[in-house]
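Asker: Handing you this structure, nothing more for now.
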Amino acid sequence: MHTLQQILNQKENGDIWSVPPTNTVFEAIQVMADKRAGALLVMDGAKLEGIISERDYAREVILKGRSSKKTLVGEIMSSNVITVAPTDSVQNALEVMTEHHIRHLPIVDDTTVVGVVSIGDLVKDVISVQQTTIEQLESYIRT
C-alpha cells in the first residue's frame with residue numbers, strides 16, 4: 001500500500017489551490033471552476049483555516065437564498081478540517097474519508113500543508129495496485 005506522499009509525487013499537478021477566508025464565495029466558485037476542483041483550502045497566509053466545497057456552496061448559499069457575491073468564504077467554510085500526514089497510508093486516508101463523509105483530504109506535515117488528495121486520487125491508486133497484483137498472479141500462473 002502506498003503512502004500519501006507517494007500519491008502526491010505521482011500527481012500531475014501538485015499545486016495547492018486555496019482562497020483566503022475574506023474572499024467572496026463567488027470568487028471561490030470561480031477558482032473551483034477554473035481549476036476543475038470540487039473543493040479549495042481556505043488559507044490565511046500559510047495557516048489552514050478551513051475548506052470550502054461545492055457542497056458547502058449548495059447547502060449554505062443556494063439553499064438558504066444567500067448571495068454568493070456578498071457572502072464571504074469564512075462564513076460558510078468547514079472550519080473543523082480533518083487532515084492526515086504524508087506518511088499515512090492510502091488505506092488509512094480512505095478510512096478517514098469514509099468515517100467523516102468527505103471527498104477531499106488535506107495532507108499536513110507538522111503544520112505545513114503539503115497537498116490535497118481526493119477520493120478519486122485514492123481509488124485510482126487502489127485500482128492500480130490491484131491491477132499490478134492481478135498481472136503478477138497471472139504471470140506466476142503461466143510459468
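The values are calculated or read from the model by the stated rules, or taken from the named source; none is laboratory data. Remember, predicted model here, so these are calculated numbers, not experimental data. Cβ sites come from the backbone with ideal geometry, for glycine too, and all protein chains shown count toward neighbours.
Asker: Considering only residues that are of a type in the set (G, A, S) and outside any loop (DSSP other than H, G, I, E, B), look in the stretch 1-36 and name the one that is surrounded by the fewest Cβ atoms within 10 Å (Cβ to Cβ).
Answerer: A33
Asker: Can you tell me which residue among L122, L105, L48 is under 11 Å from the mean Cα position of the chain (by Cα), in a strand (DSSP E or B) and under 23 Å from Q6 (Cα atoms)?
Answerer: Result of the check over L122, L105, L48: L105.
Asker: Can you find even one residue in the stretch 42-49 that is within 25 Å of Q10 (Cβ to Cβ) and either modelled with pLDDT under 95 or loosely packed, with under 15 Cβ neighbours inside 10 Å (or both)?
Answerer: Yes, that holds for at least one residue.
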